[in-house]
Amino acid sequence: MRQESVDAILVDKDMPGYGGEEFAKAVLSDFRWSKVKIVLMTSLGMRGDAQRAQALGIAAYLSKPIRQSDLFDCLALVLSENRDPHQHPIVTKHIIKEMRHPLRVLLVEDNLINQKVAQGLLRKIGLAADIANNGVEALSAYQSHPYDLVLMDMQMPEMDGIEATQRIRAYELENLARPVPIVAMTANAMKGDREICLAAGMTDYVSKPIMIQHLQAALHRCLPHVFEKES
Ligand code: MN
């Protein structure tokens, strides 16, 4: 086959002997093929597979069974112009699902620089967020839209993170709403912060400066059904 006639290769990961990962490694390390988009498919998905595939420059990782609509959207995404597997997150069923129903995230933070930092981290994880500048704004935003996740600063003018969380929880109780995961962002890892956060009804916390792996771990704990093993 000539390389200019091939845009994408779908390959099974679990072939006897020479597996899909080895195949992908060989293809992508050949400069004539380095632009080909590889979709790795597996029925034996293991934690860490997607990360390893991403590191190899594989464009997509799909666990079987694969629905026709998932494959279609996957190919549309990996073949879209300017999508570089080294610059963008590897396409998984989770990413495809996200594309159809983006997760609604509310970022509550009064400091502009911290807002930018947190937004940057969320973007790397593939999430976009609405912003509330304090607890009062957070509460009214939460009452007008259902959010899937709230990231909450602790110290804010008008209303701090603790009070905003307590009011959100009270609102949920009154309205029989499913509790939204609230992840506190604590300024300094003060002793007792965690207990204070949890007592106020927060689900989890990360300390500032926020490390992306800590944020990811918190999201996995709070939204396990969204961030399945493939992400
Ligand atoms: Mn603050």
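The values are calculated or read from the model by the stated rules, or taken from the named source; none is laboratory data. It should be emphasised that the depicted structure is a prediction, and the values quoted were computed from it without experimental measurement. Glycine also receives a Cβ, built like all others from the backbone with ideal geometry; neighbour counts cover every protein chain displayed. Ligands, DNA and RNA are stripped out before the accessible areas are found, and what is left, the full protein with its side chains, is counted by its heavy atoms. Shrake-Rupley method; radii C 1.70, N 1.55, O 1.52, S 1.80 Å.
Overview of values
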{"quantity": "Residue in the stretch 6-29 that is in a loop (DSSP other than H, G, I, E, B) and under 23 Å from L219 (Cβ atoms) present", "calculated": "no"}
{"quantity": "Matching option when the condition is open to solvent by 80 Å² or more (accessible area, probe 1.4 Å), out of contact with any Lys or Arg (no Cβ under 9 Å at 6 or more places or on another chain), at negative phi and within 16 Å of the ligand (Cβ to nearest atom), among K124, K116, K97", "calculated": "K116"}
{"quantity": "Selection from the stretch 31-51 of residues that are open to solvent by less than 40 Å² (accessible area, probe 1.4 Å) and either more than 24 Å from S80 (Cβ to Cβ) or free of Cβ contacts under 8 Å to residues at least 24 places away in the same chain (or both)", "calculated": "G45, G48"}
{"quantity": "Unmet requirement for Y147, which otherwise passes all of (1) open to solvent by 60 Å² or more (accessible area, probe 1.4 Å); (2) part of a loop (DSSP other than H, G, I, E, B); (3) at pLDDT 90 or above", "calculated": "(1)"}
{"quantity": "Yes/no for A55 being modelled with pLDDT under 95 and under 24 Å from E81 (Cα atoms)", "calculated": "yes"}
{"quantity": "Answer residue from the stretch 158-204, given it is open to solvent by less than 40 Å² (accessible area, probe 1.4 Å) and of a type in the set (S, T, Y) and is nearest to L139 (Cα to Cα) among those", "calculated": "T165"}
{"quantity": "Positions within the stretch 58-94 being exposed (fewer than 15 other Cβ atoms within 10 Å of the Cβ), at pLDDT 90 or above and within 24 Å of R123 (Cβ to Cβ), in sequence order", "calculated": "A76, L79"}
{"quantity": "So L127, is it of a type in the set (A, V, I, L, M) and touching a Pro at 6+ places or on another chain (Cβ under 6 Å)", "calculated": "no"}
{"quantity": "Tally of residues being within 12 Å of the ligand (Cβ to nearest atom) and under 24 Å from the mean Cα position of the chain (by Cα) across the stretch 152-187", "calculated": "8"}
{"quantity": "Residue count for the stretch 100-113, restricted to those that are more than 16 Å from the ligand (Cβ to nearest atom) and out of contact with any strand residue (DSSP E or B) (no Cβ under 9 Å at 6 or more places or on another chain)", "calculated": "3"}
{"quantity": "Among the residues listed as M202, M185, M154, M159, the single one being in contact (Cβ under 8 Å) with a residue 60 or more places away in the chain and among the hydrophobic types (A, V, I, L, M, F, W, C)", "calculated": "M185"}
